[in-house]
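The values are calculated or read from the model by the stated rules, or taken from the named source; none is laboratory data. Since the structure is predicted, the reported quantities are computational estimates derived from the model, not experimental observations. Note that we place each Cβ from the backbone using ideal geometry, even for glycine, and neighbour counts take in every protein chain shown. To get the accessible areas, we keep the full protein, side chains included, count just its heavy atoms, and leave off ligands, DNA and RNA. Shrake-Rupley method; radii C 1.70, N 1.55, O 1.52, S 1.80 Å.
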Amino acid sequence: MIPEKPGSRKHRPRSKIIWEDQTPASGLFFRVKKWLHREKSRFQRIELVENETYGRVLLLDGLVQTTEADEFFYHEMLVQPALHCHPEAERVLVIGGGDGGALREVLKHPVKKVTLVEIDERVIEVAKKFFSWLEPALRDSRAELVIGDGNDYIAKTTEKFDVILVDSSDPVGPSAVLHEKEFFLRLKSKLRSRGVIAGQSGSAFFHQQAIREKRAFLQTMFRYCQFYFGPVPTYPGGVWSYFFLSNRINPLRGPAKPVIPGLKYYSREVHLAAFVVPPYLY
Amino acid sequence: MHVKSGEFNRGRKLGRGDACLSVRTSLLAKNKRSGGHGLILSGMNARINHRYVSNHRWEKGDRGSNHEARKEPLALAGEKFSQGKGEGHEDEDEDEDEDVEEEKMEKEKEKEKEEEEEEGKEESHRKIGNIEHVPVFRYNGGMVRDGAFFIEPFTADFFRNFHIEKIIYEGKTKQQLVHIFANRVFGKVLFLDRRIQSAEIDEFIFHECLVHPGLLVHPAPRKVLILGGGEGATLRETLRHPSVSRATMIDIDRQLVALCRRYLPEWSRGAFSNRRSRLLFQDARQFVEKTEERFDVIISDLTEPLEGGPSVYLFTLEFFRRVAQVLSEDGVFVLQAGSTDPHYHRFFSSLSRTLREVFPVVRPYWAFMFSFGLPWGFVLASKRHDPVTMETAEIGRRFQERKLRRLRYLHPAMFSSLFVLPVYLLADLEKADVLTDEKPFIWQA
């Protein structure tokens, strides 16, 4: 963390509105009720504001990552399909996802151990302070936190996993390596035979090209390579895509066990509908 | 994976101008049927590449320079775009060296600019309507003009803006405020009373999802009534069904329809002059209350009920009762029903609830439009036919029979998946209020 100096740019008056330029020609605005946090960590600019409708909104490098009100869309869709399709997931790895939403969702299942690998310690600290779900999730005896590069971790670890969740940010900057073929090859080598990999794959509309490219190499590596979709209103385009990779488990068959209660978005029907691909995509 | 020059990134920084690339590929591929339409967008995108490659940083300090580039108006004439198509591609490579230099320059000036911008912001708060408008850039001052940003006031604490590449039309009809812009990413965009109605890039999703479920669920729809739908795209999609012998469209706003015919021909694609279509300009409520005709399918493509807007009393129990009388014995009624976002779905839920008072089968469904940003809801209300219990084979057969295989968004599997609602909506559909003439829904912006 770079310490804040008086008179540095971080001390400029805080604006009443915070926005993300989602595309070169449109943006998303939140009216700031209260500024909660602003800092520049080693990796990125971290901003946290409070908005009347969306609650606490976390932005990394000016991009909306998590809002209290609609994070469930993203985290449930990232985690639940994989964990419901795997009949008995015991060892789970989450790469990225410092806001802890993915960890919280995994812990709803009877897993034995979850490891969260996040590169930026500051994100964890900030999320712990402002998002109510992270602190209890980390206190859970099944959860393990590793601060480090996901790519290095996966290269060095000797363990194998039932479910690997890639909660990366986008293919530029610190997360670029998490979208490359080599990374997926490494993930595959750390997967148990019935294992599943799931992760986010960008906006279903604005990242179409990346989805097609990723699909091209993933299809050659896994027997089942399916993309699925779900809304996230505060992300660009409003529809997000995710990938589901496995050699043994076909996600189109639907959840292998009853859906856990208390979810806000995910259900058996939603699972099946999410895997319907819009024809403009491929 | 090689970071492809440009996805628009949700990621750290905007990569080298891609949204553009992906938009182009998708639209070119899909738009062969629409003649020059694909070409226009490809030209547009070529230009985006050219510009955003050189200014791709999304730091605050860069915005000024980005915006300078944006200020150049982009002509809308087809010629210019088609010229741009070739040029844009070449430029992409040539510009690469310049980019590096430009970036350095920018870094040096970054701090200065930022300070300037901050000052600007403080000065220029102003109010437009009841929305406090804080302009993004000092020099646009929140005005609606080429190169400025148009703010869509969804609610007071959450809203979106759209860059105005070029104003195509701005004005007021008797009923509503009309803005038609060209936007680089979304193509032409229509706003009524400052709310987005449809965008060139994804209107097909909205209109296919609005029209086809209702018509497909009916075994042989012959007479169709469309309420609203001034752009003509609803009519266009309706006429795809060969069994439709007469499609009547009622819009209160004659001027708007004229504007859409003139400025948004890609929406109607000749539907208005089809001999099966009939246009009436009057209040939908009056028409429905007086008409002696009976319709197989009624499609309501109305604006949201804003205060003083034309559609407040078209979403009430009394009106729906009359709609049911105007429908034939196995008629189907479909509505555009507003957002299904967890915060803004009250209208959607109330509509479903109100319709349940009148129709035995009510199936709310939803779809995702990129230009709306929020998931969008529809409601299908029917006297007999139920889309959810329809067999998959039957759906496929109807798609084939009616030659709908080449739709750009809907296909049989998608048709069924539309009706799957998330858990949070299912729970709230039960709790909503019934809308009546005395207590209609009015959107509080």
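Taking residue A:191 and the conditions (1) at the interface with another protein chain (Cβ under 7 Å from one of its Cβ atoms); (2) open to solvent by 10 Å² or more (accessible area, probe 1.4 Å), which numbered condition does it fall short on, given that it satisfies the others?
Failed condition: (1).
Any idea which of B:346, B:363 is basic (Lys, Arg) and modelled with pLDDT of 95 or more? Explain how you work it out, then say what you get.
Values: B:346 fails: modelled with pLDDT of 95 or more.
That would be B:363, the only listed residue that is basic (Lys, Arg) and modelled with pLDDT of 95 or more.
Here is a check on your reading of the model: is residue B:227 open to solvent by 20 Å² or more (accessible area, probe 1.4 Å), in contact with a Leu (Cβ under 9 Å, 6 or more places away or on another chain) and either within 27 Å of residue B:444 (Cα to Cα) or in contact (Cβ under 8 Å) with a residue 24 or more places away in the chain (or both)? Let's see the steps before the verdict.
On the way: open to solvent by 20 Å² or more (accessible area, probe 1.4 Å): no; in contact with a Leu (Cβ under 9 Å, 6 or more places away or on another chain): yes; either within 27 Å of residue B:444 (Cα to Cα) or in contact (Cβ under 8 Å) with a residue 24 or more places away in the chain (or both): yes.
Against the criterion (open to solvent by 20 Å² or more (accessible area, probe 1.4 Å), in contact with a Leu (Cβ under 9 Å, 6 or more places away or on another chain) and either within 27 Å of residue B:444 (Cα to Cα) or in contact (Cβ under 8 Å) with a residue 24 or more places away in the chain (or both)), residue B:227 does not qualify.
Please tell me if residue B:372 is in contact (Cβ under 8 Å) with a residue 60 or more places away in the chain and open to solvent by less than 20 Å² (accessible area, probe 1.4 Å). I'd like the intermediate steps shown before the answer.
Details: in contact (Cβ under 8 Å) with a residue 60 or more places away in the chain: yes; open to solvent by less than 20 Å² (accessible area, probe 1.4 Å): yes.
Criteria met by residue B:372.
Tell me which residues, restricted to segment A:45-76, are of a type in the set (Gly, Ala, Ser) and either away from every other protein chain (no Cβ under 11 Å) or under 24 Å from residue A:263 (Cα atoms) (or both). So that I can check it myself, show each step before the final result.
Looking only at segment A:45-76, we keep the residues that are of a type in the set (Gly, Ala, Ser), and these are A:55, A:62, A:69.
Those that are of a type in the set (Gly, Ala, Ser) and either away from every other protein chain (no Cβ under 11 Å) or under 24 Å from residue A:263 (Cα atoms) (or both): A:55, A:69.
If you scan segment A:250-282, which residues turn out to be farther than 23 Å from residue B:209 by Cα and open to solvent by 20 Å² or more (accessible area, probe 1.4 Å)?
So the first thing to find is which residues in segment A:250-282 are farther than 23 Å from residue B:209 by Cα, and the list is A:250-264.
Scanning segment A:250-282 gives A:250, A:252, A:253, A:256, A:257, A:258, A:259, A:260, A:261, A:262, A:264.
So residue A:233 fits all but one of (1) open to solvent by 50 Å² or more (accessible area, probe 1.4 Å); (2) within 11 Å of chain B (Cβ to nearest Cβ); what number is the exception?
(1)
Has segment A:86-108 got at least one residue that is in contact (Cβ under 8 Å) with a residue 12 or more places away in the chain, among the basic types (Lys, Arg), within 12 Å of another protein chain (Cβ to nearest Cβ) and closer than 25 Å to residue A:152 by Cβ?
Among the residues of segment A:86-108, not one is in contact (Cβ under 8 Å) with a residue 12 or more places away in the chain, among the basic types (Lys, Arg), within 12 Å of another protein chain (Cβ to nearest Cβ) and closer than 25 Å to residue A:152 by Cβ, which makes the answer no.
Check every one of the strands (runs of 3 or more DSSP E) wholly within segment B:189-277 and list those with 3 or more residues that are in contact with a helix residue (DSSP H, G or I) (Cβ under 7 Å, 6 or more places away or on another chain).
Fully inside segment B:189-277 and qualifying: B:223-228, B:246-250.
To keep it simple, each residue is scored yes or no on (1) in contact with a Ser or Thr (Cβ under 9 Å, 6 or more places away or on another chain); (2) outside any loop (DSSP other than H, G, I, E, B).
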residue: B:372; (1), (2): yes, no
residue: B:381; (1), (2): yes, yes
residue: B:386; (1), (2): no, no
residue: B:397; (1), (2): no, yes
residue: B:400; (1), (2): no, yes
residue: B:404; (1), (2): no, no
residue: B:409; (1), (2): no, no
residue: B:414; (1), (2): no, yes
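Kindly provide the set of residues from segment A:73-101 that are under 18 Å from residue A:227 (Cβ atoms) and in contact with a Leu (Cβ under 8 Å, 6 or more places away or on another chain), ordered by number.
A:76, A:78, A:79, A:80, A:82
Determine which member of the set B:248, B:234, B:303 is in contact (Cβ under 8 Å) with a residue 60 or more places away in the chain, over 19 Å from residue B:347 (Cβ atoms) and of a type in the set (Ser, Thr, Tyr).
B:234
Take the conditions modelled with pLDDT under 90 and closer than 30 Å to residue B:241 by Cα and apply them to residue B:192. Does it pass?
Spelling it out, residue B:192 is indeed modelled with pLDDT under 90 and closer than 30 Å to residue B:241 by Cα.
Restricting to segment B:294-319, give me the number of residues that are crowded, with 21+ Cβ neighbours inside 10 Å, acidic (Asp, Glu) and not in a loop (DSSP other than H, G, I, E, B).
Counting residues in segment B:294-319 that are crowded, with 21+ Cβ neighbours inside 10 Å, acidic (Asp, Glu) and not in a loop (DSSP other than H, G, I, E, B) gives 2.
For residue A:82, state whether it is under 21 Å from the mean Cα position of the chain (by Cα), small (Gly, Ala, Ser) and open to solvent by 10 Å² or more (accessible area, probe 1.4 Å). So that I can check it myself, show each step before the final result.
Numbers: under 21 Å from the mean Cα position of the chain (by Cα): yes; small (Gly, Ala, Ser): yes; open to solvent by 10 Å² or more (accessible area, probe 1.4 Å): no.
No, not satisfied.
Scan segment B:324-344 residue by residue and report those that are crowded, with 24+ Cβ neighbours inside 10 Å and either farther than 20 Å from residue B:216 by Cβ or of a type in the set (A, V, I, L, M, F, W, C) (or both).
B:332, B:333, B:334, B:335, B:337, B:338, B:340, B:341, listed by residue number.
For segment A:198-216, check the following and say yes or no: at least one residue is more than 21 Å from the chain's Cα centre (by Cα), among the aliphatic types (A, V, I, L, M) and more than 11 Å from every other protein chain (Cβ to nearest Cβ). Quick ask: steps written out before the conclusion?
Of segment A:198-216, the ones more than 21 Å from the chain's Cα centre (by Cα) are A:216.
Then keep just the ones that are among the aliphatic types (A, V, I, L, M); that gives A:216.
Retained after the next criterion (residues that are more than 11 Å from every other protein chain (Cβ to nearest Cβ)): none.
Checked segment A:198-216: no residue is more than 21 Å from the chain's Cα centre (by Cα), among the aliphatic types (A, V, I, L, M) and more than 11 Å from every other protein chain (Cβ to nearest Cβ).
Consider only pairs whose beta carbons are under 8 Å apart and that are at least six residues apart or on different chains; among these, list those whose first residue lies in segment B:342-360 and is closer than 19 Å to residue A:232 by Cα and whose second residue is in a helix (DSSP H, G or I) and not polar (S, T, N, Q).
Filtered contacts from segment B:342-360: B:342/B:424; B:345/B:425; B:345/B:428; B:348/B:425.
Considering only segment A:98-135, state which residues are within 18 Å of residue A:77 (Cβ to Cβ) and open to solvent by 10 Å² or more (accessible area, probe 1.4 Å).
A:99, A:104, A:107, A:108, A:133
If I go through segment B:169-198 residue by residue, how many of them are open to solvent by less than 10 Å² (accessible area, probe 1.4 Å), farther than 15 Å from residue B:301 by Cα and within 14 Å of chain A (Cβ to nearest Cβ)?
Selection size over segment B:169-198: 8.
Among the residues of segment B:412-444, write down those that are of a type outside the set (Asp, Glu), in contact with a Lys or Arg (Cβ under 8 Å, 6 or more places away or on another chain) and either within 12 Å of chain A (Cβ to nearest Cβ) or open to solvent by 50 Å² or more (accessible area, probe 1.4 Å) (or both).
Result: B:419, B:422, B:423, B:424.
Listed here are the residues, each with its yes/no results for (1) at pLDDT 85 or above; (2) surrounded by 16 or more Cβ atoms within 10 Å (Cβ to Cβ); (3) away from chain B (no Cβ under 11 Å); (4) in a loop (DSSP other than H, G, I, E, B).
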{"position": "A:1", "(1), (2), (3), (4)": "no, no, yes, yes"}
{"position": "A:5", "(1), (2), (3), (4)": "no, no, yes, yes"}
{"position": "A:10", "(1), (2), (3), (4)": "no, no, yes, no"}
{"position": "A:14", "(1), (2), (3), (4)": "no, no, no, yes"}
{"position": "A:21", "(1), (2), (3), (4)": "no, yes, no, no"}
{"position": "A:29", "(1), (2), (3), (4)": "yes, yes, no, no"}
{"position": "A:35", "(1), (2), (3), (4)": "yes, no, yes, no"}
{"position": "A:38", "(1), (2), (3), (4)": "yes, yes, yes, no"}
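Among the residues of segment B:275-293, write down those that are polar (S, T, N, Q) and open to solvent by 50 Å² or more (accessible area, probe 1.4 Å). So that I can check it myself, show each step before the final result.
Going through segment B:275-293, the residues polar (S, T, N, Q) turn out to be B:277, B:282, B:286, B:291.
B:282, B:286 - these are the residues of segment B:275-293 that are polar (S, T, N, Q) and open to solvent by 50 Å² or more (accessible area, probe 1.4 Å).
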